[in-house]
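Just below is one structure, and these are the notes that go with it.
The values are calculated or read from the model by the stated rules, or taken from the named source; none is laboratory data. On a predicted model such as this, the values are computed, not experimentally measured, just so you know. Cβ atoms come from the backbone with ideal geometry, glycine included; neighbour counts cover every protein chain shown. We work out accessible area using only protein heavy atoms, side chains counted, and drop any ligands, DNA or RNA first. Shrake-Rupley method; radii C 1.70, N 1.55, O 1.52, S 1.80 Å.
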Amino acid sequence: MRAAAWITLGLLGLTTAPAAARVEGPVFPPPPAEPRLVFEESLRDDDGYRGPRSLLGRIADVLTGSGESAAMVRPHGLACDGPLLLIADPDAGVVHLFDRDKHTYRRLPRDGRLASPVDAAVDADGRIWVADSAAGALVVFDREGREQARYTDGIERPAGLAWDRASGRLYVADPVAHRVAVLDAQGRLLDAFGARGETDGAFNFPVDVCLDPQGGVWVLDALNFRVCALAPDGAFLSSFGAQGDAPGAFARPRGLACDADGHLWISDALQDGVQVFDDEGRLLMAFGTQGQADGEFWMPAGVAFDDRANLYVADAYNRRVQVFRYLGDAEGGRP
């Protein structure tokens, strides 16, 4: 079992925890360092998200398929839309939807299952787009869980998704094609950039993509062991990263997210942890070790932030999603 890695660097934006921060659970990094994250809870199933069911309600669940087990099998990709948390679970063949305000649970599809849903994203109209990797398709559902469309144009095996709602463009990491595809809200291929390689602008199994607060595009180039910064039109800007098993390097990077302060959060399945970088690739913090306790991981995958500075990490082989509150820094006033 690997020892936990903790790093905080003084002038890089994670400087001082807010004095009035509410801290109850385990914090990361641990004392005497100033805390940056506090553990909130683990989500494993719909316990607490579905009230007592009447006999008629249970019969309706069985008839509609919504009564099947909500237990997570292998949570992978994550997305947030206001209080809605979406968890793509490829081994269960569904996307779990948790409303963190209403404490309700539902799933997509309402009936049956998808081949291998690995990520999800919500467009400006509230439609839910799911990357069904094994089917080589993007499957679109309305808010009620009804399938609206399937798109395959320019897609081989979709993985990470990121919607730019301002421009109406969906960025799709396609690891088998070694590129990022760009689609519009009607599923039409607008652009695609990248080819297999190690040079600037090339990729080697890109698995995830996210947008920063300024609309810049970041791609997790997994087998080049780096993160690439792109302009919205796909022009290469910069990259950072190297192969390794120590903080600051990548062994098996899986998930990528950008917080409201522009920090990049990257999960690593072989390091069993999460690393935080600024937009110039400087390491700010690393946390995690292999295990089953709060703040420990077993092959973590997707990461995501909601608009309340909550961090979600798909702890894939522990069959849960861990929830943390990001304390940020006093100057930034977060949360």
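Arg107 passes every criterion in (1) of a type outside the set (Ser, Thr, Tyr); (2) at pLDDT 95 or above; (3) within 18 Å of the chain's Cα centre (by Cα) apart from (2). Only one of the numbered conditions (1) open to solvent by 30 Å² or more (accessible area, probe 1.4 Å); (2) in a strand (DSSP E or B); (3) hydrophobic (A, V, I, L, M, F, W, C) is violated by Ala135, and that is (2).
Applying the selection to region 184-212, what residues are more than 16 Å from the chain's Cα centre (by Cα), at negative phi, in a loop (DSSP other than H, G, I, E, B) and in contact (Cβ under 8 Å) with a residue 24 or more places away in the chain? The answer is Ala185, Arg188, Glu198, Asp200, Ala202, Asn204. Of the residues Gln290, Gln271, the single one that is of a type in the set (S, T, N, Q), crowded, with 24+ Cβ neighbours inside 10 Å and farther than 16 Å from Phe240 by Cβ is Gln271. Any chance region 308-330 includes a residue that's under 21 Å from Gly194 (Cβ atoms), in a strand (DSSP E or B) and open to solvent by less than 10 Å² (accessible area, probe 1.4 Å)? No: region 308-330 contains no residue that is under 21 Å from Gly194 (Cβ atoms), in a strand (DSSP E or B) and open to solvent by less than 10 Å² (accessible area, probe 1.4 Å). Among all residues of region 267-289, there is at least one that is in contact (Cβ under 8 Å) with a residue 24 or more places away in the chain, within 17 Å of the chain's Cα centre (by Cα), within 16 Å of Pro206 (Cβ to Cβ) and in a strand (DSSP E or B).
Here Ala242 clears all of (1) in contact with a Lys or Arg (Cβ under 8 Å, 6 or more places away or on another chain); (2) at pLDDT below 95 except the condition numbered (2). Looking across region 155-174, the residues that are open to solvent by 20 Å² or more (accessible area, probe 1.4 Å) and under 13 Å from Pro206 (Cα atoms) come down to Glu156, Arg157. Residue check: Pro247 meets all listed conditions (1) open to solvent by 60 Å² or more (accessible area, probe 1.4 Å); (2) part of a loop (DSSP other than H, G, I, E, B) but one, namely (1).
The conditions are (1) modelled with pLDDT of 95 or more; (2) in a loop (DSSP other than H, G, I, E, B); (3) closer than 26 Å to Val321 by Cα, and Ala257 fails exactly one of them. Which is it? So Ala257 meets the others, but not (2). Set side by side, the residues Ala149, Ala166, Ala195, Ala173 differ, and just one is small (Gly, Ala, Ser) and in contact with an Asp or Glu (Cβ under 9 Å, 6 or more places away or on another chain), which is Ala173.
Residue count for region 112-132 under the criterion of being over 14 Å from Asp91 (Cα atoms) and either of a type in the set (Lys, Arg) or surrounded by 14 or more Cβ atoms within 10 Å (Cβ to Cβ) (or both): the result is 8. Taking region 110-127 as the range and being in a loop (DSSP other than H, G, I, E, B) and either more than 20 Å from the chain's Cα centre (by Cα) or closer than 22 Å to Ala301 by Cα (or both) as the test, the residues that pass are Arg110, Asp111, Gly112, Arg113, Leu114, Ala115, Ser116, Asp125.
Name every residue in region 80-111 that is touching a Ser or Thr at 6+ places or on another chain (Cβ under 9 Å) and open to solvent by 30 Å² or more (accessible area, probe 1.4 Å), in order of residue number. If the condition is that a residue be touching a Ser or Thr at 6+ places or on another chain (Cβ under 9 Å) and open to solvent by 30 Å² or more (accessible area, probe 1.4 Å), then Asp91, Arg106, Arg110, Asp111 are the ones that fit.
Is it true that Arg226 is open to solvent by less than 30 Å² (accessible area, probe 1.4 Å) and either of a type outside the set (A, V, I, L, M, F, W, C) or modelled with pLDDT under 95 (or both)? Considered against the rule, which asks whether it is open to solvent by less than 30 Å² (accessible area, probe 1.4 Å) and either of a type outside the set (A, V, I, L, M, F, W, C) or modelled with pLDDT under 95 (or both), Arg226 comes out as yes. Specify the residue that is farthest from the chain's Cα centre (by Cα); the eligible residues are those in region 254-266 that are open to solvent by less than 20 Å² (accessible area, probe 1.4 Å) and at negative phi. Out of the qualifying residues, it is His263.
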